[in-house]
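What follows is a set of notes on a single structure, which appears directly below.
The values are calculated or read from the model by the stated rules, or taken from the named source; none is laboratory data. Quick caveat, the model's predicted, so the values are computed rather than measured. Methodologically, a virtual Cβ is constructed for each residue, glycine included, from the backbone with ideal geometry; neighbour enumeration extends over all protein chains shown.
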């Protein structure tokens, strides 16, 4: 049995918490075999775990025994840490206690008028959410067990959002970051629609290098139309770019012209710049280049999470086509 990421020992894991943890793993689609020790196949990105529980000491020892090459150990441990940290809440849930306010707390967003409310509800429905009620609203995003509650005070123009439910592996920080990004996009008007995330320039480009870059994009499945400027559709997360080459300056300027609301601009720029580094090696495998961009958008976040495990539909809460 290979140990790929070292070993961690989690204290204060009694039998009830251990059983809750195993139940949540199974609910998320994992296969659990054995009966202390346990072998866990998450069926997501090759991640496999081995765990053993010491009932005398109430300790759970965990090792990572499998993972795909692009999955960082830190992401796996971050996800496991998140699960362990939620076990007390999971106990309350198992006992039938209400968790509407305790899963991730609540946040209040100011300066929300009727127009922003309408755009927010439309964006949520467009991305597959089911919304019931009419102030307050209950929003089932239909992704990873996430359910939100929201109420709007028209007089103070404040929107209060509560995370009522979520699957164990989804970090609260990730949910709030996604909601915060949606709130930020609500202020976007038609004048800003052409450039959602500003513009960035990249130097060191000749016409030959630009041609090679466009070819690499097409080879990796991206759709490119136009001829300087280029309109580029990544086919992932609704992300589209416009790029222009300045031969005299030897640079290309890029702006984001479309994205799904839950994709942060910072994630797009990080992924694009990593993509450009990969395509600098013209011998790079196009499939791996595309996988790298997909993983960068999903994997590289500020808080530990298992976003890289989300490959079943739309990213942010789940990955998108």
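Note on the stretch 106-124: among residues that are touching a helix residue (DSSP H, G or I) at 6+ places or on another chain (Cβ under 8 Å) and in a strand (DSSP E or B), the one that is surrounded by the most Cβ atoms within 10 Å (Cβ to Cβ) is 109.
Of the residues screened, residue 319 is one that is surrounded by 20 or more Cβ atoms within 10 Å (Cβ to Cβ) and modelled with pLDDT under 85.
Exactly one residue out of 135, 127, 142, 88 is surrounded by 16 or more Cβ atoms within 10 Å (Cβ to Cβ) and either in the same structural domain as residue 49 (by TED's automatic domain parsing) or modelled with pLDDT of 85 or more (or both): that is 142. Only one of the numbered conditions (1) closer than 19 Å to residue 260 by Cα; (2) under 20 Å from the mean Cα position of the chain (by Cα); (3) at pLDDT 85 or above is not met by residue 163, and that is (1). Criterion applied to 252, 268 was being outside any loop (DSSP other than H, G, I, E, B) and at pLDDT 85 or above, and the one residue passing it is 252.
Within the stretch 33-64, if we keep just the residues that are surrounded by fewer than 17 Cβ atoms within 10 Å (Cβ to Cβ) and assigned to a strand (DSSP E or B), the residue that is modelled with the lowest pLDDT turns out to be 59.
Scanning the stretch 6-17 for residues that are under 18 Å from residue 42 (Cβ atoms) and surrounded by 19 or more Cβ atoms within 10 Å (Cβ to Cβ) returns a single hit, 10.
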